[in-house]
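Engineer: Following this message is one structure expressed as structure tokens.
The values are calculated or read from the model by the stated rules, or taken from the named source; none is laboratory data. Just so you know, these numbers come straight off a predicted model, no measurement behind them. Backbone-built Cβ (ideal geometry, glycine too); neighbour counts: all protein chains shown.
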Amino acid sequence: MSQAVKTESVAFANADDAWSKLPPRPSTPQVRGETPQSTGQVGADPETFPLEKIDPADGELFAADEYHGYFARLRREDPVHYTPESHFGAYWSITKFDDIVTVEKDPDTYSSARSITVSDPLPDSPMDSSFISMDGPRQIAHRKTVAPAVGPRNLKRLEPIIRDRVVEILDGLPVGETFDWVDRVSIELTTSMLANLFDFPYEEQRKLTYWSDIVTTQPNLPGPDSITHDERHAVLVECLDHFQGLWEERKGKGRTGDFVSLLADGEATKDMDPRTFLATLVLLIVGGNDTTRNSISGGVLALNEHPFEYDKLRADPSLVTSMTSEMIRWQTPLAHMRRTCTRDTELGGQSIKAGDKVLMWYASGNRDETAIDRANEFLIDRKDHRNHLSFGWGRHFCVGSRIAELQVRVLWEELLERYEMVEVVGPPVRTRSSFVNGYTELPVQLHAK
């Protein structure tokens, strides 16, 4: 073992101790460890609900799929909207496409540091140390380090691997029987792909999904799936411990096809501290898991809700490419990204103060008819199908966007070869989150050709 590996091994051996000594991140007042009080928005009429009380970050709106009406009203009447009180404290909502792009293009004023979600990070959260929560040269260098794993050369290598895995998954599904599409297809495919990108042991790949779900779950909420802060911390340490072994095995080996090797040997990342290493791992796991899997689930639901588009697809399978982008736009798997204002500024006629939270609502911008023609229609042959915000914009444009599209496209190419229809046979169960806009269950049946 080289001296460099020995040094790194010592650093990671004390990872838990180092973690515990890190100072907690500052946070604005917000309720923790209890279920948020109802805002009264679900079931209400968005057109008559008091404008000043509209709180788009209410997770109930997303669980009930009732958020679009509120965003439509905000885009029309109050596109830069202030919510003075919420479960997460005060925040601004940016709801129009062009205003979101304005924020994305100005990282000096609207910083990614501190947090990318409406919720301020818990003291043990790793997410505020990843490159998605950085600005400037350091963010660019860290992003550039991992980019080759999802770059054009590696995508060419990965496409046949993805196709083989898709075929294996589809061949194991029942025809004419109800099953959960989220678990059997969406999670299985994206987790397999993540395992490949990390070169993670295949038999342990579901750990990646578990770690992702734990990171995006708020601790101490009531219910059977609740997790305490201590339990969450233990899971994060387990994740770090698991990857420290892979780091040590691969450091200095010159491998370029997986995230861990790229981070271990990258000039900008080879000396990163344990917290930043874990934060980067979590970012890549969550980004590769939640976004793609929910686009896969949401795409099936969209075709069922728009049967004419499904007919159009069956008649012309070449539409799969444009349909892939349209599914990702329509679902918008990450509903928002947050920035924190670094200085007093003005946007859309509103005065925003330094330190204010600014939420860019991709789920709203993607339905903005002033920027996207017929934005509230699901059209699989849309000509400008890449004109959407689901992958962000500018410096923080999703580094894994092309591999997300590749998975969705290959899946539908293979589905069209085998089945007349993937029929949704029951209501979906949606996530209670205003950040991850997705599904936990989607009952379907396959109909053979």
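Engineer: Given the criteria more than 20 Å from ASN437 (Cα to Cα), of a type in the set (Ser, Thr, Tyr) and modelled with pLDDT of 95 or more, does TYR91 qualify?
Structural biologist: no
Engineer: Given the conditions (1) basic (Lys, Arg); (2) free of Cβ contacts under 8 Å to residues at least 24 places away in the same chain; (3) not in a loop (DSSP other than H, G, I, E, B), which single one is not true for ARG374?
Structural biologist: The single condition ARG374 does not satisfy is (3).
Engineer: Looking only at region 338-371, filter to residues that are part of a loop (DSSP other than H, G, I, E, B) and under 25 Å from the mean Cα position of the chain (by Cα); which one of those is surrounded by the most Cβ atoms within 10 Å (Cβ to Cβ)? Spell out the reasoning first.
Structural biologist: Just the residues of region 338-371 that are part of a loop (DSSP other than H, G, I, E, B), to begin with: 342-344, 348-349, 353-356, 366-371.
Next, from what is left, pick out any that are under 25 Å from the mean Cα position of the chain (by Cα): 342, 355-356, 366-369, 371.
Details: THR342: 17, GLY355: 12, ASP356: 19, ASN366: 24, ARG367: 22, ASP368: 22, GLU369: 13, ALA371: 18.
Checked region 338-371; the qualifying residue surrounded by the most Cβ atoms within 10 Å (Cβ to Cβ) is ASN366.
Engineer: Related question: Are any residues in region 377-391 of a type outside the set (Val, Ile, Thr) and either buried (at least 18 other Cβ atoms within 10 Å of the Cβ) or in a helix (DSSP H, G or I) (or both), and if so, which ones?
Structural biologist: The answer is PHE378, LEU379, ARG382, HIS385, HIS388, LEU389, SER390, PHE391.
Engineer: Any idea how many residues of region 56-113 are part of a helix (DSSP H, G or I), buried (at least 22 other Cβ atoms within 10 Å of the Cβ) and among the hydroxyl-bearing types (Ser, Thr, Tyr)?
Structural biologist: 1
Engineer: For region 147-184, what are the residues that are small (Gly, Ala, Ser) and part of a helix (DSSP H, G or I)?
Structural biologist: Scanning region 147-184 gives ALA147, ALA149.
Engineer: Now for a different question. What are the residues in region 249-264 that are modelled with pLDDT of 80 or more and surrounded by fewer than 19 Cβ atoms within 10 Å (Cβ to Cβ), if any?
Structural biologist: Hits for region 249-264 are GLU249, GLY252, LYS253.
Engineer: Here is a further query. Which fully enclosed strands (runs of 3 or more DSSP E) of region 393-449 have 2 or more residues being surrounded by 15 or more Cβ atoms within 10 Å (Cβ to Cβ), of a type in the set (A, V, I, L, M) and at negative phi?
Structural biologist: Values: elements: 419-424, 439-441, 443-448.
Correct list: 419-424, 443-448.
Engineer: Of the residues that sit in region 118-138 and are closer than 30 Å to ALA72 by Cα and either touching a helix residue (DSSP H, G or I) at 6+ places or on another chain (Cβ under 8 Å) or among the aromatic types (Phe, Trp, Tyr) (or both), which one is modelled with the highest pLDDT?
Structural biologist: Among those that are closer than 30 Å to ALA72 by Cα and either touching a helix residue (DSSP H, G or I) at 6+ places or on another chain (Cβ under 8 Å) or among the aromatic types (Phe, Trp, Tyr) (or both), it is PRO121.
Engineer: What's the number of the condition ASP106 fails, among (1) of a type in the set (D, E, K, R); (2) more than 22 Å from ARG367 (Cβ to Cβ); (3) in contact with a Phe, Trp or Tyr (Cβ under 8 Å, 6 or more places away or on another chain)?
Structural biologist: With (1) of a type in the set (D, E, K, R); (2) more than 22 Å from ARG367 (Cβ to Cβ); (3) in contact with a Phe, Trp or Tyr (Cβ under 8 Å, 6 or more places away or on another chain) applied to ASP106, the lone miss is (3).
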